[in-house]
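Visitor: Encoded as structure tokens, here's the structure I'll be asking about.
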Amino acid sequence: DTEVTQTPKHLVMGMTNKKSLKCEQHMGHRAMYWYKQKAKKPPELMFVYSYEKLSINESVPSRFSPECPNSSLLNLHLHALQPEDSALYLCASSLRDRGSTEAFFGQGTRLTVV
Amino acid sequence: QKEVEQDPGPLSVPEGAIVSLNCTYSNSAFQYFMWYRQYSRKGPELLMYTYSSGNKEDGRFTAQVDKSSKYISLFIRDSQPSDSATYLCAMKGYGQNFVFGPGTRLSVLP
């Protein structure tokens, strides 16, 4: 099983709303990632969690707040977003963040901020 | 110079053709190389993973890595309309983040 599950698949939120994106994997992977992808662009790294600890934050605005409750779950809390934050948000996981390991992606959450 | 270069296409081929997709890179520390297929509005799907130089074959797909030239390729044999997608190369070195190419849009015409 190489599945990374993301919910919800689609989300429309106002600029004053608070919402959360969820990601789950049961492959025993200890590195989990959030990426943002705009149309016709490659994924851009936002956050990396390694062994449930935040190891990389790519200068992401504080209106995005990641959380890793356990080794299988990853959340992205959203608050006071802007219309330009509309994008496909992808979760990925890999066995570990260092060394020989490929990353598996979820199907993404398509976020629209109105 | 970008760290990973990839022709964005679009690349249009007739059904049954052999497709060649390529990426070049500048970071000699990259050791792990991946190809992803991404359908419109979906997440990237891992197709091939290769460590260091060499070839790897899986069904209709062959991945090649030439570290001396800093060049990787994905070949698709007997291409099908269902292969129409964006193909992303990705690579990383030990202790480094994944770096993606911009992707090549492929259309296989029936």
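The values are calculated or read from the model by the stated rules, or taken from the named source; none is laboratory data. For clarity, every value in this text was computed on a predicted model and none was experimentally measured. Virtual Cβ from ideal backbone geometry, glycine too; neighbours counted across all protein chains shown. With ligands, DNA and RNA removed, areas are computed over all heavy atoms of the protein, side chains included. Shrake-Rupley method; radii C 1.70, N 1.55, O 1.52, S 1.80 Å.
Visitor: For the protein assembly as shown, report the accessible area per residue in Å² (1.4 Å probe, heavy atoms, rounded to an integer). Could the numbers behind the result be given before it?
Guide: Working: 10710 Å² over 224 residues.
On a per-residue basis, 48 Å².
Visitor: Let me make sure I get this right: for the protein assembly as shown, a, b and c are the square roots of the gyration tensor eigenvalues over alpha carbons, sorted descending. Under 1.5 in a/c it's rounded, otherwise prolate if a/b > b/c, else oblate. Which is it?
Guide: Working: a/c = 1.93, a/b = 1.44, b/c = 1.33.
Judged from the Cα gyration tensor, the protein assembly as shown comes out prolate (a/c at least 1.5, a/b above b/c).
Visitor: Roughly how many percent of the accessible protein surface of chain A is carbon and sulfur, given a 1.4 Å probe and a whole-percent answer? Don't skip to the end; give the middle numbers.
Guide: Details: 2750 of 5550 Å².
It is 50 percent, rounded to a whole number.
Visitor: Once A and B are treated as a pair rather than alone, how much accessible area drops out, both sides summed, in Å² to 100, probe 1.4 Å?
Guide: Values: alone 6460 and 6080 Å², together 10710 Å².
Its buried surface, counting both partners, is about 1800 Å².
Visitor: Here's something else I'd like to know. Which are the unpartnered cysteines of chain A, meaning those with no other cysteine Cβ under 4.7 Å from their Cβ?
Guide: Unpaired cysteines in chain A: A:CYS68.
Visitor: Computing the accessible area with a 1.4 Å probe over protein heavy atoms, can you report the carbon and sulfur percentage for the stretch B:30-102? Don't skip to the answer; put the middle values down first.
Guide: Values: 1360 of 3050 Å².
Exposed carbon and sulfur together represent 44 percent of the surface.
Visitor: From the Cα gyration tensor of chain A, with a ≥ b ≥ c the square roots of its eigenvalues, which class applies: rounded if a/c is under 1.5, or else prolate if a/b is larger than b/c, or else oblate?
Guide: Details: a/c = 1.74, a/b = 1.66, b/c = 1.05.
Taking the square roots of the gyration eigenvalues as a ≥ b ≥ c, chain A is prolate.
Visitor: To continue, here is another question. Considering only C-alpha atoms, what is the centroid distance from the stretch B:38-66 to the stretch A:15-69, in Å?
Guide: A separation of 24 Å, based on Cα centres.
Visitor: Within 10 Å of each Cβ of B:93-102, how many other protein chain Cβ atoms are there on average? Kindly include the intermediate steps, with their values, before the conclusion.
Guide: Values: counts 2, 3, 3, 2, 6, 12, 2, 7, 1, 3.
Whole-number average of other-chain Cβ neighbours for B:93-102 is 4.
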